[in-house]
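Heads up, the thing below is written out as structure tokens.
The values are calculated or read from the model by the stated rules, or taken from the named source; none is laboratory data. Since this is a predicted model, take the numbers as computed values, not measurements. Cβ coordinates were reconstructed from backbone atoms using ideal geometry, including for glycine residues, and neighbour counts include every protein chain displayed. The protein model used for the area step is the full one, side chains on, heavy atoms only, and it has no ligands, DNA or RNA in it. Shrake-Rupley method; radii C 1.70, N 1.55, O 1.52, S 1.80 Å.
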Amino acid sequence: MAAAMASAAERAVLEEEFKWLLQEEVHGVLRQLQDILKEASHRFALPVGVTEGPVKQENFMLGTSSADQVKGVLMLQGDALCQADINLKMPRNNQLLHFTFREDKQWKLQQIQDARNHVNQAIYLLTNRDVNYQFKTGSEVLKLMDAVMLQLTRARNRLTTPATLTLPEIASSGLTKMFTPALPSDILVNFYINLNKLCLTVYQLHALQPNSTKNFRPTGGSILHNPGAMFECGSQRYEVSHVHKVECVVPWLNDALVFFTVSLQLCQQLKDKISVFSSYWNYRPY
């Protein structure tokens, strides 16, 4: 065993290096992580205390090409869509429909709220100790890094993996009651975050007649449903006839995703450095 053959002098040097890693380098990495994640948290721009000012409103354009059936403007304020102004061109007759959010309504984007909560939990894990605290074992650091990485992975996943919803779930969500004039019964809408994009999907529906000869197969949950998908709402059966998806880039979401990636890399690098020392001993010194 190479570890058993190490001389006492080599072992002493390694133990001093490991001690320095625990007492100095670990704290440097933790400070780096705190700084990066505080920047990430600020990108979400959600007030957490009474001293913080109002969250700025940002406008985003949807559908910029002439071929887009859906166009509009979304107003985002932190984790809330506070206004949506949408124009929909119906493909069958080129009729133009116009909808806006009611003035008394906002739509919370749960993905953004959840992601920021996970970031704040990671910051809490990094700061929840005395400034003079000294780590005594490598396993203590590994446990902390695993906990921080779990929160960061969950934060990233909330932005990169939209919820899978069934069409009845979309039809019964509060979003359908947000608009004025009210959405027609043959229109469904859904907002979600995908990576650094804010997405709007509009489903146009065709009501199936009771005597329809079509084989009715209810569709399960999905992020995006395709034409031909079927579902039942109340006593009425529907088939999706057209699907329109438009999206806009939200720059600060991209910043947040970059911060998550950099932070995860820092955590993994520190874990790797600590694990390297274990290969020099035939027992677990940490």
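Within segment 150-188, the residues that satisfy the criterion of being in contact (Cβ under 8 Å) with a residue 24 or more places away in the chain and in a strand (DSSP E or B) are Leu165, Phe179, Thr180, Ile187.
Residues in segment 86-114 that are under 29 Å from Ala155 (Cα atoms) and either out of contact with any helix residue (DSSP H, G or I) (no Cβ under 6 Å at 6 or more places or on another chain) or hydrophobic (A, V, I, L, M, F, W, C) (or both): Phe101, Lys105, Gln106, Trp107, Lys108, Leu109, Gln110, Ile112, Gln113. Checking Phe179, Phe191 one by one, the residue that is among the aromatic types (Phe, Trp, Tyr), touching a helix residue (DSSP H, G or I) at 6+ places or on another chain (Cβ under 8 Å) and under 26 Å from Arg102 (Cβ atoms) is Phe191 and no other. Does segment 254-268 include one or more residues that are open to solvent by less than 20 Å² (accessible area, probe 1.4 Å), among the small types (Gly, Ala, Ser) and not in a loop (DSSP other than H, G, I, E, B)? For segment 254-268, residues open to solvent by less than 20 Å² (accessible area, probe 1.4 Å), among the small types (Gly, Ala, Ser) and not in a loop (DSSP other than H, G, I, E, B): present.
Considering only residues that are farther than 14 Å from Pro181 by Cβ and in contact (Cβ under 8 Å) with a residue 12 or more places away in the chain, look in segment 95-109 and name the one that is nearest to the chain's Cα centre (by Cα). So that I can check it myself, show each step before the final result.
Initial filter on segment 95-109 (farther than 14 Å from Pro181 by Cβ): 104, 106-109.
This time we only want the ones that are in contact (Cβ under 8 Å) with a residue 12 or more places away in the chain, so: 106-109.
Details: Gln106: 19, Trp107: 16, Lys108: 13, Leu109: 10 Å.
Among those that are farther than 14 Å from Pro181 by Cβ and in contact (Cβ under 8 Å) with a residue 12 or more places away in the chain, it is Leu109.
Taking every residue in segment 131-143 that is touching a residue at least 24 places away in the same chain (Cβ under 8 Å) and closer than 11 Å to Val26 by Cα and pairing it with any residue that is open to solvent by 60 Å² or more (accessible area, probe 1.4 Å) and assigned to a loop (DSSP other than H, G, I, E, B), at least 6 positions away or on another chain, the pairs with Cβ-Cβ distances below 9 Å are Gly138/Arg284.
Please determine whether any residue of segment 3-25 is modelled with pLDDT under 80, among the β-branched types (Val, Ile, Thr), within 21 Å of the chain's Cα centre (by Cα) and on the phi < 0 side of the Ramachandran plot. No, segment 3-25 contains no residue that is modelled with pLDDT under 80, among the β-branched types (Val, Ile, Thr), within 21 Å of the chain's Cα centre (by Cα) and on the phi < 0 side of the Ramachandran plot.
Of the residues that sit in segment 182-206 and are of a type in the set (Ser, Thr, Tyr) and open to solvent by 10 Å² or more (accessible area, probe 1.4 Å), which one is modelled with the lowest pLDDT? Give the steps one after another, and end with the answer.
Narrowing segment 182-206 to residues of a type in the set (Ser, Thr, Tyr): 185, 192, 201, 203.
From what is left, the residues that are open to solvent by 10 Å² or more (accessible area, probe 1.4 Å) are 185, 192.
Numbers: Ser185: 88, Tyr192: 95.
Residue satisfying both the conditions and the ranking: Ser185.
Tell me whether segment 237-250 contains one or more residues that are under 22 Å from the mean Cα position of the chain (by Cα) and part of a helix (DSSP H, G or I). No, segment 237-250 contains no residue that is under 22 Å from the mean Cα position of the chain (by Cα) and part of a helix (DSSP H, G or I). Listed by first and then second residue, the pairs linking a residue in segment 79-92 that is farther than 17 Å from Leu183 by Cα to a residue that is at pLDDT below 90, with Cβ atoms under 6 Å apart and 6 or more places separating them unless they lie on different chains, are Asp79/Leu46; Ala80/Gln106; Cys82/Gln106.
Scan (1) modelled with pLDDT of 90 or more; (2) assigned to a strand (DSSP E or B); (3) of a type outside the set (Ser, Thr, Tyr) for the single condition Leu126 breaks and write down its number. So Leu126 meets the others, but not (2). Go through segment 96-119 and give me each residue that's open to solvent by 90 Å² or more (accessible area, probe 1.4 Å) and at pLDDT below 90. Of everything in segment 96-119, those that are open to solvent by 90 Å² or more (accessible area, probe 1.4 Å) and at pLDDT below 90 turn out to be Leu96, Glu103, Asp104, Gln106.
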